[in-house]
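Working notes, beginning with the structure itself.
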Amino acid sequence: MNVLLRDFQEQATGDFVRKIRRASRDAAEGELQAVSLSSPTGSGKTVMAISIIERILAGDYEEDPQPGAVFLWLTDLPA
């Protein structure tokens, strides 16, 4: 991604990726999970979501890539 995240966005995405990975491990053991990203208007949720998806698909310094990961993106905006 060519967008530089702000410090609070970088912290939030790192925390969220760790939560997703933990939920994924729990789900693999039969404990179904759901996670959602919520943040105030104008905080950059879309940019953070893209960064989160990229980190999971491509991997990062904490985990290997998960190219088979599946994401469901819901929005109430048709655009």
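Every read-out reported here was derived from the displayed coordinates using simple, explicitly stated rules and does not represent laboratory data. The model shown is predicted, which means the values in this text are computed figures rather than measured ones. Glycine gets a Cβ as well: all are built from the backbone with ideal geometry, and neighbour counts include every protein chain shown.
Here are the numbers for the structure shown:
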quantity	calculated
Residue within segment 54-62 that is more than 17 Å from Leu4 (Cα to Cα) and crowded, with 16+ Cβ neighbours inside 10 Å present	yes
Residue that is nearest to Ala69 (Cα to Cα), among those in segment 15-35 that are among the aliphatic types (A, V, I, L, M) and surrounded by 14 or more Cβ atoms within 10 Å (Cβ to Cβ)	Ile20
Test for Glu54: is it acidic (Asp, Glu) and part of a helix (DSSP H, G or I)	yes
Positions within segment 12-38 being of a type outside the set (A, V, I, L, M, F, W, C) and more than 18 Å from Ile56 (Cβ to Cβ), in sequence order	Glu29, Gly30, Glu31, Ser38
Among (1) exposed (fewer than 12 other Cβ atoms within 10 Å of the Cβ); (2) over 9 Å from the mean Cα position of the chain (by Cα), the one test that Lys45 misses	(1)
